[in-house]
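Novice: Right, I'll just put the structure down here and ask away after.
The values are calculated or read from the model by the stated rules, or taken from the named source; none is laboratory data. All values reported here derive from a predicted model rather than from experimental measurement. Cβ placement follows ideal geometry from the backbone for every residue including glycine, while neighbour counts extend to all protein chains displayed. For the accessible areas, the whole protein counts, side chains as well, though only heavy atoms, and no ligand, DNA or RNA atoms are used. Shrake-Rupley method; radii C 1.70, N 1.55, O 1.52, S 1.80 Å.
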Number of protein chains: 2
Amino acid sequence: MKKLLYALMLMIASSAARAAIHTETVDYQQAGTTLEGYLAYDDALTGKRPGVLVVHQWKGLGDYEKKRAEMLAQLGYVAFCADIYGKGVRPATFAEAGAVSGKYKSDRALLRLRVNAGLDTLKKNERVDISHVAAIGYCFGGTTVLELARSGADLAGVVSFHGGLDSPAPADGKNIKCKVLCCHGADDPFEKPADLAAFQSEMRNAGVDWRLYEYGGAVHAFTDWTATGSLSGAKYNERADHRSWADMKQFFAEIFN
Amino acid sequence: MKKLLYALMLMIASSAARAAIHTETVDYQQAGTTLEGYLAYDDALTGKRPGVLVVHQWKGLGDYEKKRAEMLAQLGYVAFCADIYGKGVRPATFAEAGAVSGKYKSDRALLRLRVNAGLDTLKKNERVDISHVAAIGYCFGGTTVLELARSGADLAGVVSFHGGLDSPAPADGKNIKCKVLCCHGADDPFEKPADLAAFQSEMRNAGVDWRLYEYGGAVHAFTDWTATGSLSGAKYNERADHRSWADMKQFFAEIFN
C-alpha cells in the first residue's frame, strides 16, 4: 500500500508545473562546530515521504548540490544537503579543495561524525519517513556516503557518483546495513583498477548488497555540469549523467518499496 | 511522437490481463542449414513496434529463452528467439553443451552468420519497426550478441546477460554501431578480471557507447531460474535477475526513443 502511495505521490510530483519547491538554509551542529546545510522539498505535498541526504564535492556545499536537492524535491523526496566542512568553509581553488577534502579523507572518524550529523538532521525533519532514507554523494561526497554506510548508519541505501571507493579500513564493510550503488566513470583516471578491485573485495567479503555500474566514455565528475575539463580527467558527460540519474531513480524505487 | 506512442503501447501492453501472446515456431535457413526459432508477440496490439532478438544459452534454444521472449512480448515488443545450433541440435548435458558452444566460440565467423540470420528473420517480420531493433543474449547468447554487434549489424543495441566478453579479434570493436549493455555477475568465476579488462579496452579503444553493470553476490547464469548450482559457479540469483531485467527495460526505453 505504501508502495502505491509513493508511486502516486511521485507521479503527482513529477507532473508538476505546479510543484512549489521550498528551499531553506539550515544551520546545525556537530560537536560544537556549526554546519550550514540546505533543505528542499515540495510543499504542495503533504504527509511523510522518503528523505535523501546529498553530500557535496570537494569544494563544499554549493550551487551544484543545491540544484540536485531541488531535483530530488521535484521527484517528491525531502532532500537535505549536508555540510561536512563547516559554515563558511568553501574552498575556492582545486588546491584548497584538495587540502580540505584531504583532511577528512585522512580522518574517517571525523568524516563519519560529520556525515551522520547531516543524516540526523534530515531524519528529524517532520516530513521524512525515517524508514525510507537514502544518501547520495558526488566525488568527495561519494566517498563520504560510503563512509556513512561503513559507520553502520541506519538507512536504506547509498549511491556514490564518481566517488573514491578506497577505504583505509576495509573490515568496516561488515558494518554496512544498507544497499550500495556505485555509479562510476569507466575512464575515471583518479580511480585505479586496484582501488576498484579492493572495493569489490570489501563488499564481497562483508556480504553487502552492492552493485557497481560503469559508464563507458565517462571520466571523473561526469555528473557535474560545471566540470569543464579544466582539471584534467574531470569532465561533464551528459549521457552518463542522465543514465546514472535514471539508475539512481530505479535504485530508489527498489529501496523505498 | 513515436516516443509517446511507444510509451502508451507499453502501458497498454503491461496492463494486460487481456494480452494475448501469440507464439509460434519458425523455421529459417542459414546457408542451407535449417534453424528453428521461436516468435512471440502480443496480437492485441496493432502496428509496427520494436523487435528484440533473444539468443540462447549453451544448451540451445529451450523453454528458458522462450519464456523470456514471452516476457518481452508482454512488454509490447516483437520477440524472436534465434537458433544458432540448427534444428534438433539441443545438447542435453553440460559436456555436450560445452562441445557445441565451443565450436561456435572457436568459429566466430560462423557464429556471426548464424546470429545475423536470426536478426534478418526478426527484421522481416511485418510487425517490426526495423529502426528499433535490439538483441539480448544469455551466457553463450551474451557472447553471441556481442559478436552480432562486432559484425557491424545494424541495430540499436545489445544486452549481454552473464555472457563471455572475450574476443579473439578485439579490433573488431570498431565495427560496433549500436549501444552495448553488459549485465555481469560480480562473482562470476567463469569471467576472469583479465577478460573484463580486455573487454573494456576493446570498447574504449573503439569508441563504443557501452556500459558494464556488475551485480554483487551474483555468479554465472544469475538470470536463469533453472540454474540450481549443480554446475559450480552457475546459479540463479533472483535479486540480480530482477535488477538486470529492470536495467534492460531502462536501456530499451533509451534506445527505442
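Novice: Relative to the first principal axis of the alpha-carbon coordinates of chain A, what is the inclination of helix A:140-150, with its axis defined by its Cα atoms, in degrees from 0 to 90 and to the nearest 10?
Specialist: Here the helix axis deviates by roughly 80 degrees.
Novice: Can you give me the distance in nm between label points at B:Asp27 and B:Asp195, each placed 7 Å from the Cα along the Cα-to-Cβ direction?
Specialist: Going from the B:Asp27 label point to the B:Asp195 one covers 3.6 nm.
Novice: Diagonalise the Cα gyration tensor of the protein assembly as shown and give the resulting equivalent ellipsoid semi-axes, square root of 5 times each eigenvalue, largest first, whole Å. Mind showing how you got there, number by number?
Specialist: Values: eigenvalues 364, 130, 78 Å².
Rounded to whole Å, the semi-axes are 43, 26, 20.
Novice: Sticking with this structure for a sec: Take the rotation relating chain B to chain A, measure from its axis to every Cβ in chain B, and name the nearest residue with the distance in whole Å.
Specialist: Nearest to the symmetry axis by Cβ: B:Tyr213, 2.
Novice: If you don't mind, there's one more thing I want to ask. Could you pull the copy-to-copy label distances for B:Thr33, with points set 7 Å along Cα to Cβ, in nm to one decimal and sorted shortest first?
Specialist: 6.6
Novice: Shifting gears a bit: Mind checking the per residue accessible area of the protein assembly as shown for me, 1.4 Å probe, whole number of Å²?
Specialist: Here the per-residue accessible area is 39 Å².
Novice: What's the whole-number percent of alpha carbon pairs in the stretch B:152-212 lying beyond 18 angstrom?
Specialist: Of all Cα-Cα pairs in the stretch B:152-212, 29 percent lie more than 18 Å apart.
Novice: While we're on this one: Using only helices, what value at 222 nm comes out for chain B when you add -39,500 (n - 2.57) per DSSP H run of length 4 or more and divide by the total residues, to the nearest 500 deg cm²/dmol? Please list the in-between numbers first.
Specialist: Numbers: 7 runs with 98 residues, N = 257.
So the helix-based figure for chain B works out to -12500 deg cm²/dmol.
Novice: Can you pull the mean other chain C-beta count within 10 Å for peptide B:178-190?
Specialist: 1
Novice: Using a 7 Å offset from Cα along the direction of the beta-carbon, what are the separations from B:Asp195 to the same position in each other copy, nm, ascending?
Specialist: 2.8
Novice: Rounded to the nearest 10 degrees, what's the angle between the helix B:94-106 long axis and the longest principal axis of chain B, both from Cα atoms, 0 to 90?
Specialist: 90
Novice: With an 8 Å cut-off on Cα pairs and a minimum separation of 6 or more residues, tell me the relative contact order of chain A in percent.
Specialist: Working: 549 pairs, mean separation 37.4, N = 257.
The normalised contact order for chain A reaches 15 percent.
Novice: Same structure again: Multiplying the sequence separation of B:Leu231 and B:Lys67 by 0.36 nm and subtracting their Cα-Cα distance, what value in nm do you get?
Specialist: 56.9 nm
Novice: Considering only DSSP beta bridges with both partners in chain B, what is the antiparallel share in %, to the nearest 5?
Specialist: 35
Novice: How much net charge surrounds B:Thr144 when only the other residues with a Cβ under 10 Å from the Cβ of B:Thr144 are counted, with Lys and Arg +1 and Asp and Glu -1?
Specialist: Net charge in that neighbourhood comes out at +3.
Novice: Quick one: accessible surface of A:His132, probe radius 1.4 Å, all protein chains present, in square angstrom to the nearest 10.
Specialist: 20
Novice: Spelling out what I want: for every residue of the stretch B:192-209, take phi, set θ = phi - 60°, compute 6.51 cos²θ - 1.76 cosθ + 1.60 (Karplus), and round to whole Hz; glycine and proline get x.
Specialist: Listing the rounded values in order: 7, x, 5, 5, 4, 5, 5, 4, 4, 4, 4, 5, 5, 5, 8, x, 6, 8 Hz.
Novice: Let me know the mean shielding of B:213-226 by other chains, meaning the per-residue number of their Cβ atoms within 10 Å of its Cβ.
Specialist: That works out to 3 on average.
Novice: Could the peptides B:227-233, A:148-154 be put in order, highest first, of the mean number of other beta-carbon atoms found within 10 Å of their residues? Mind showing how you got there, number by number?
Specialist: Values: B:227-233: 12.6, A:148-154: 20.6.
Packing order, densest peptide first, comes out as A:148-154, B:227-233.
Novice: How about the stretch A:21-72: which trypsin sites (Lys or Arg not before Pro) there are in a DSSP loop, with at most 12 other Cβ atoms within 10 Å of their Cβ? Walk me through the numbers before you get to the answer.
Specialist: Working: sites: A:Lys48, A:Lys59, A:Lys66, A:Lys67, A:Arg68; in loops: A:Lys48, A:Lys59.
The qualifying sites: there are none.
Novice: To continue, here is another question. If packing is taken as the average number of other Cβ atoms within 10 Å across a peptide's residues, how do B:186-196, A:70-80, A:22-32, B:136-146 rank, most packed first?
Specialist: Peptide ranking by packing, descending: B:136-146, A:70-80, B:186-196, A:22-32.
Novice: May I ask you to derive the relative contact order of the stretch B:54-100, considering only C-alpha pairs under 8 Å and at least 6 residues apart, and to give it as an integer percent? If you can, show how the numbers build up before the last one.
Specialist: On the way: 51 pairs, mean separation 22.2, N = 47.
Reported relative contact order: 47 percent.
Novice: Would the stretch A:154-257 count as rounded, prolate or oblate if I go by the C-alpha gyration tensor, calling it rounded below 1.5 in a/c and otherwise prolate when a/b exceeds b/c, oblate otherwise?
Specialist: oblate
Novice: Rounded, prolate or oblate: pick one for the stretch B:111-188, where a ≥ b ≥ c are the square roots of the eigenvalues of its C-alpha gyration tensor, a/c under 1.5 means rounded, and failing that, prolate if a/b is larger than b/c, else oblate.
Specialist: prolate
Novice: Contour minus end-to-end for B:Lys48 and B:Ala95, with contour as 0.36 nm per residue of separation and end-to-end as the Cα-Cα distance?
Specialist: 12.8 nm
Novice: For the pairs A:Lys249/B:Lys87; B:Lys124/B:Lys249; B:Lys123/B:Lys249, flag any whose C-alpha to C-alpha distance is greater than 32 Å.
Specialist: Distance filter (> 32 Å) returns A:Lys249/B:Lys87.
Novice: Now for a separate question. Quick one: check the C-alpha center-to-center distance for the stretch B:193-245 versus the stretch B:24-61, whole angstrom.
Specialist: Here the two parts' Cα centres lie 24 Å apart.
Novice: Could you compute how much accessible area chains A and B hide from each other, both sides summed, with a 1.4 Å probe? Nearest 100 Å² is fine. Intermediate values should be presented prior to the final figure.
Specialist: On the way: alone 10960 and 10950 Å², together 20150 Å².
Counting protein atoms only, the buried area is about 1800 Å².
Novice: Using 0.36 nm per residue, how much length does the chain from A:Ala206 to A:Arg239 gain when fully extended, once their Cα-Cα distance is taken away?
Specialist: Once the chain is fully extended between A:Ala206 and A:Arg239, it gains 8.6 nm.
Novice: State the percent of C-alpha pairs, over all pairs in the stretch A:75-219, separated by a distance greater than 17 angstrom.
Specialist: For the stretch A:75-219, the fraction of Cα-Cα distances above 17 Å is 61 percent.
Novice: Separate question: How shielded is A:192-205 by partner chains, expressed as the average number of their Cβ atoms within 10 Å of its Cβ atoms? Kindly include the intermediate steps, with their values, before the conclusion.
Specialist: Working: counts 0, 4, 0, 0, 2, 1, 0, 0, 5, 0, 0, 3, 4, 0.
Across the residues of A:192-205, the mean count of other-chain Cβ atoms within 10 Å is 1.
Novice: For B:Arg49, enumerate residues with amide H under 5 Å from its amide H, sequence gap 5+ or separate chain, H modeled in the peptide plane.
Specialist: B:Val128, B:Asp129
Novice: Taking a label point 7 Å from Cα toward Cβ, how far is A:Lys124 from its twins in the other copies, in nm, shortest first?
Specialist: Distances between equivalent label points, in nm: 7.1.
Novice: Could you give the angle, 0 to 90 degrees to the nearest 10, between helix B:63-74's Cα long axis and the longest principal axis of the Cα atoms of chain B?
Specialist: Here the helix axis deviates by roughly 40 degrees.
Novice: For the residue pair B:Ala109 and A:Asp154, what label-to-label distance in nm results when each label sits 7 Å from Cα along the Cα-to-beta-carbon direction?
Specialist: For B:Ala109 paired with A:Asp154, the spin-label model returns 6.6 nm.
Novice: Tell me the Rg and the Dmax, in Å, that the Cα atoms of chain B produce.
Specialist: Over chain B's Cα set, Rg and Dmax evaluate to 17.0, 50 Å.
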